[in-house]
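Take a look at the structure set out below.
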Amino acid sequence: MPQDRTAPDTAWWYPAPGETVDWLAWANALPFCRDLGLTCAEIGPGSATFHMERSTLTPNPNGAVNGGIVAAAADQVMGVLTMRMSAKGLLPATGSLHIQFHLPARAPLTFRATALGGGRRTKFVEVVVEDRNGDRCATSHGTMIAGGSAGPPLPSS
């Protein structure tokens, strides 16, 4: 039986302890990524790519993914990339989020996150959302605060 990663005694929001972190496996195991239908295809120190095959909620009448779902997904992608860029134990929080919609977001969607700079705790991230034709349908910018969320202490190794 698979481990319940949302159990209160399990720090699912932190990568598994150890010398190296399998960031891809960690990102794909996050409950909110699964809730949104997001899968992480790649994640590096300053960029990440996620895919959403279909909306997990009813699409808009024009067949597009609802803008609130697109914004939530972009925010989640920003949080994952910020976690990857941050010092161990600093759980990120969204300081600000701005999203601009250019075209209807018709699935499948691709979310391309890029770090735009920042410091030890403040991170600036852009997420470009591409529709099923590869056209940019939304652009999101966020200010993420590493250590801005008060999670429980890191699990002991």
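For this structure, a couple of remarks:
- Fraction of the pair-distance distribution of the chain above 22 Å, Cα-Cα pairs, percent: 40 percent
- Extension gain, THR58 back to LEU24 (0.36 nm per residue minus Cα-Cα distance, nm): 9.4 nm
- Rolling a 1.4 Å probe over the heavy atoms of the protein chains gives the range 24-157 an accessible area of 47 Å² per residue.
- Mean separation of Cα contacts under 8 Å, 6 or more apart, over the residue count of the chain: relative contact order %: 22 percent
- Folded to 0 to 90 degrees: helix 67-85 orientation relative to the chain principal axis, Cα: 30 degrees
- You can think of it this way: the chain between ARG34 and ARG120 has 28.1 nm of extra reach, that is 0.36 nm per residue less the Cα-Cα gap.
- Mean ellipticity per residue at 222 nm, deg cm²/dmol - from DSSP H runs of n ≥ 4 across the chain, formula -39500 (n - 2.57): -6000 deg cm²/dmol
- Take the Cα of HIS102, step 7 Å toward its Cβ, do the same at ALA16, and the gap between the two points is 3.8 nm.
The values are calculated or read from the model by the stated rules, or taken from the named source; none is laboratory data. The shown structure was predicted, so the numbers you read here are calculated from the model rather than taken from an experiment. As a convention, Cβ positions derive from the backbone with ideal geometry for all residues, glycine included, and neighbour counts pool all protein chains shown. Areas reflect the complete protein model, heavy atoms only, side chains present, ligands, DNA and RNA absent. Shrake-Rupley method; radii C 1.70, N 1.55, O 1.52, S 1.80 Å.
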